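Nothing in this text is a laboratory measurement; each read-out follows from the coordinates by a stated rule. Model, not experiment: these values are computed from the prediction. Glycine gets a Cβ as well: all are built from the backbone with ideal geometry, and neighbour counts include every protein chain shown.
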Amino acid sequence: MSMNLTQKILSSHLIEGEMVPTKEIAISIDQTLTQDATGTMAYLQFEALDIPRVKTGVSVSYVDHNMLQAGFENADDHRFLQTFASKYGIYFSRPGNGICHQVNLERFSKPGNTLIGSDSHTPTGGGAGMLAIGVGGLDVAVVMGGGPYYIKMPYVVGVELTGSLKPWVSAKDVILEMLRKLTVKGGVGKVFEYYGEGVNTLMVPERATITNMGAELGATTSIFPSDEITKQYFKQQKRLDDFKYISADPDAKYDEYITIDLSELEPMIALPGSPDNVVKVSEIEGTKVEQVIIGSCTNSSYKELMVVAAAVQGHKIDPGVSLHITPGSRQVLETITRNGGLAEMVSAGARIMESACDGCIGLGSSPASGTVSIRSFNRNWKGRSGTADDSVYLASPETCIAAALTGIITDPGKLGDYPVIDMPDNFVIDDSMIIQPSDDPDFVEVIRGPNIKPIPKITALSPDLKGKVLIKVGDDISTDAIMPAGPKVLPLRSNIPAISEFVFVNVDPGFAARAKENHGGIIIGGDNYGQGSSREHAALAPLYLEVKAVIVRSFARIHKANLVNFGILPLEFNDPESFGSLQQGDVLECKGIKELISSGAVIIPVQAGPVTIECSLDISSRQREIILAGGLLNYTRLKSC
């Protein structure tokens with residue numbers, strides 16, 4: 001039977017289940033990755049499994065988020081991560097080596113392999129023909145312990161690319177067009193698989209831009225075939241041994257079809273507030289810009305930065321603009337340093353930032369209040385930049401540099417001829433900042449600083465559910481809104497009691513105190529609750545505050561899985577109109593909830609005074625056992641007994 005590329009990789013890794021959309025399957029995982037904002041907790045959870053060495057083929061611990069060392073906390077976490085990796089068989093990418101997704105693409109990607117990572121932009125690996133999925137840290141811990149990864153079989157959407165991009169139009173414009181068409185909810189439960197003649201016009205880093213930002217569609221992942229272009233990339237990386245051809249069968253079928261003619265695309269831009277608020281650049285030309293940032297895991301590859309270097313050659317940045325450049329990896333930084341590209345950017349007036357996440361997660365480069373910042377990033381939710389009244393636009397590096405040179409949002413086609421960038425035969429390859437694990441783990445001491453606290457204990461589910469509505473929020477609530485990032489909060493990622501004080505702090509500063517006063521309670525939300533980051537702290541910190549259930553119109557995939565993993569009930573209104581009948585402070589109750597879940601009940605009746613609200617519990621039988629056990633860690637321990 002013919003198969004598409006997604007089906008081929010899933011079938012070759014299938015352990016349990018049937019590959020029917022929406023049915024739960026279990027697959028084996030070849031590789032894992034973590035970054036430092038999620039990694040410390042993931043490794044504490046792995047340690048709790050009492051397994052002496054990771055069982056995956058390759059696991060890599062990256063440091064790229066918490067780079068600002070304004071206190072001891074981040075440096076302590078980095079030391080913990082390095083010693084833990086050495087002891088337990090994990091590669092360690094040191095601070096300064098680059099952003100996890102770009103470095104993983106360069107040095108560890110492998111066509112046909114499966115990868116899960118505790119970061120929502122893990123699908124970047126799909127640019128090299130990997131099935132790469134963002135998950136919570138606890139899922140990574142269990143997989144490193146030898147367990148499979150469970151997921152609902154996704155629908156596979158075939159995206160046919162035809163034609164080729166016009167000058168000054170880039171891969172970023174392709175994914176912005178996808179977001180314009182489909183919105184941030186359009187990919188939930190789906191894989192986007194790209195094929196067609198247009199694929200042959202895109203290099204691997206360009207494909208990776210598209211798969212990276214597919215996370216903003218809510219997609220399970222996105223993937224491109226591994227072909228001659230992929231082979232050339234692996235040759236440049238001196239990793240031909242890791243290359244193989246893999247693609248869909250010629251007569252493969254898809255559950256849905258989309259066609260994009262690359263030749264018809266124009267430069268696109270996402271307006272402030274959401275990555276799907278997309279218009280053509282030409283529609284808003286002339287908007288004054290005060291800050292431009294080019295970088296992030298989405299747009300910081302060699303070609304992109306060399307286009308920027310060519311565009312600024314002989315020019316200076318507009319005096320009213322602050323231009324920040326963030327190379328995605330040390331490999332890219334060293335290569336553009338040696339060929340003079342970096343000097344061109346410095347000469348033009350750019351500020352060169354560390355190869356890290358920086359402004360993308362609000363850990364630096366926050367814009368001035370009330371000003372416009374245009375960035376080649378993947379997310380622009382209000383306040384994510386670290387400035388409460390920010391106006392962040394998302395665009396390609398080409399559109400960004402046009403704004404930096406002119407001081408206003410400008411169609412980059414007005415810069416003149418598009419530069420021709422000759423790709424190097426080989427990049428500067430130096431893996432000295434990727435530390436291999438120790439061959440003598442018994443002699444490695446894992447060093448823990450005072451900010452690293454034990455993971456909270458979770459008890460089994462209570463027989464009855466009862467609690468106050470602690471907060472009611474609307475649609476598209478992101479994990480940033482639930483558990484913000486930024487320099488004050490991110491250093492507390494390994495200290496759940498401390499970080500729990502910041503749950504919903506930017507939405508309702510009184511939430512944590514109210515939760516403690518009421519000994520926990522229930523959260524009410526709208527559609528697509530928990531979109532965005534994979535950060536499991538958006539479930540773990542509410543759990544510490546004794547949140548017992550979250551009832552919403554619909555969930556984002558990763559956050560729903562994280563709630564289950566930490567024993568929090570993820571309920572959905574059977575009638576979406578029921579959302580309007582509940583208010584903060586209402587007391588909700590479901591007697592016999594434990595028995596209902598044990599019996600396999602799909603409809604869960606929740607009492608709100610005299611009114612019965614029917615909710616659905618759309619989880620697998622395995623996930624029901626996890627909820628009953630009090631979370632995935634307890635469930636895994638019970639299974640191993």
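Miscellaneous remarks
- Relative contact order %, segment 325-443, counting alpha carbon pairs below 8 Å whose residues are six or more apart: 20
- Taking a Cβ cut-off of under 9 Å around Ser247, the surrounding Lys, Arg, Asp and Glu residues balance to a net charge of -1, with basic ones at +1 and acidic ones at -1.
- Protection-proxy order for peptides 487-494, 167-174, 325-332, each taking the mean of Cβ atoms within 10 Å per residue, highest first: 325-332, 167-174, 487-494
- Mean residue ellipticity (222 nm) of the chain, computed from DSSP H runs ≥ 4 via -39,500 (n - 2.57), nearest 500: -8000 deg cm²/dmol
- Scalar couplings 3J(HN,Hα) for segment 294-300, obtained by applying the Karplus form with A = 6.51, B = -1.76, C = 1.60 to θ = phi - 60°, are 10, x, 6, 5, 8, 8, 9 Hz; x denotes Gly and Pro.
- Euclidean distance between Cα centres, segment 249-265 to segment 465-543, Å: 39
- For the chain, convex hull of alpha carbons as volume per residue, Å³: 142
- For segment 224-236, 3J(HN,Hα) computed residue by residue from phi via the Karplus equation (6.51, -1.76, 1.60; θ = phi - 60°) reads 10, x, 9, 9, 4, 5, 4, 4, 4, 4, 5, 5, 4 Hz, glycine and proline entered as x.
- Each Cα pair under 8 Å and six or more residues apart adds its sequence gap; the mean of these over the residue count of segment 499-641 is a relative contact order of 20 percent.
- Of all DSSP bridge pairs formed entirely within segment 268-415, close to 30 percent run antiparallel.
- Antiparallel beta bridges, as assigned by DSSP with both residues in the chain, represent about 35 percent of the total such bridges.
- By other beta-carbon atoms within 10 Å, ranking Cys100, Cys590 with the fewest at the front produces Cys590, Cys100.
- Scanning residues 5 or more positions from Gly525 or on other chains, those with amide H under 5 Å from its amide H are Val473, Ile551, Val552, Arg553, with H placed 1.01 Å from N in the peptide plane.
- Computed log10 I(q)/I(0) for segment 249-340 at 0.15, 0.17, 0.19, 0.25 Å⁻¹: -0.86, -1.01, -1.14, -1.37, from the Debye equation with unit scatterers placed on every C-alpha and solvent omitted.
- Built amide H within the under 5 Å cut-off of Ile133, gap 5+: Leu115, Ile116, Gly117
- Karplus (6.51, -1.76, 1.60) ³J(HN,Hα), θ = phi - 60°, over segment 389-395, in Hz, Gly and Pro reported as x: 9, 5, 9, 9, 9, 10, 7
- Panel order for Met1, Met19, by other beta carbons found within 10 Å of each beta carbon, from fewest to most: Met1, Met19.
- A simple count of charges around Val473, restricted to other residues whose Cβ falls under 13 Å of its Cβ and scoring Lys, Arg +1 and Asp, Glu -1, yields -3.
- Cα centroid of segment 293-322 to Cα centroid of segment 177-215, whole Å: 23
- Take every DSSP beta bridge whose two residues both sit in segment 5-264; close to 20 percent of them are antiparallel.
- Scanning residues 5 or more positions from Arg351 or on other chains, those with amide H under 5 Å from its amide H are Leu323, His324, Ile325, with H placed 1.01 Å from N in the peptide plane.
- Taking the number of Cβ atoms within 10 Å of each Cβ as an exposure proxy, the fewest-first ranking of Val191, Val469, Val428 is Val428, Val469, Val191.
- Between segment 1-65 and segment 89-133, the C-alpha centres lie 12 angstrom from each other.
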